[in-house]
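Everything on this sheet refers to the single structure shown next.
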Amino acid sequence: VLDMEVSPKRPRPHWYERHAQPCLAELLGTALFIFTGCLAVLEDSGGTGRLQPALAHGLALGVTVAVLGDI
């Protein structure tokens with residue numbers, strides 16, 4: 001009698017999970033940062049300089065991580 005436990009082999013992920021999902025996530029993430037960056041510099045307040053786009057990108061990243069962090 002063998003005392004070793006045999007764990008079942010995990011099935012290979014579908015091609016969509018291996019190729020399409022990472023590309024789609026990268027596309028959406030890049031589009032989000034480009035969109036927020038462009039919107040942040042549209043209405044320049046004069047005295048903000050580089051702070052306004054930096055805060056826009058940081059807040060967008062923070063919201064994204066807070067919303068999608070569990071995935």
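The values are calculated or read from the model by the stated rules, or taken from the named source; none is laboratory data. Small disclaimer: the values here were computed from a predicted structure and weren't measured. Ideal geometry is used to build each Cβ from the backbone, glycine not excepted, and the neighbour counts take in all protein chains shown. Side chains are part of the model used for accessible areas, which takes the heavy atoms of the whole protein and leaves out ligands, DNA and RNA. Shrake-Rupley method; radii C 1.70, N 1.55, O 1.52, S 1.80 Å.
Okay, here's what the table says:
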{"read-out": "Cα lying deepest toward the dipole's positive end in the chain, options H14, L28, V41, charges on Cβ", "value": "H14"}
{"read-out": "FRET efficiency, E43 to C23 (Cβ-Cβ, R0 22 Å, nearest 0.05)", "value": "0.10"}
{"read-out": "Accessible surface, the chain, averaged per residue in Å² (probe 1.4 Å)", "value": "94"}
{"read-out": "With DNA, RNA and ligands ignored, accessible area of E17 (1.4 Å probe; Å², nearest 10)", "value": "100"}
{"read-out": "Probe 1.4 Å, all protein chains present, accessible-area order of V6, V63, largest first", "value": "V6, V63"}
{"read-out": "Carbon and sulfur %, accessible surface of the chain computed with the full protein complex present, 1.4 Å", "value": "67"}
{"read-out": "Helix-only [θ]222 nm of the chain, DSSP H runs n ≥ 4, -39500 (n - 2.57) each, per residue, nearest 500", "value": "-19500 deg cm²/dmol"}
{"read-out": "Computed label-point distance, nm, for sites A54 and L32 using a 7 Å Cα→Cβ extension", "value": "2.2"}
{"read-out": "Environment charge of E26, counting only residues whose C-beta is closer than 15 Å and scoring Lys/Arg +1, Asp/Glu -1", "value": "0"}
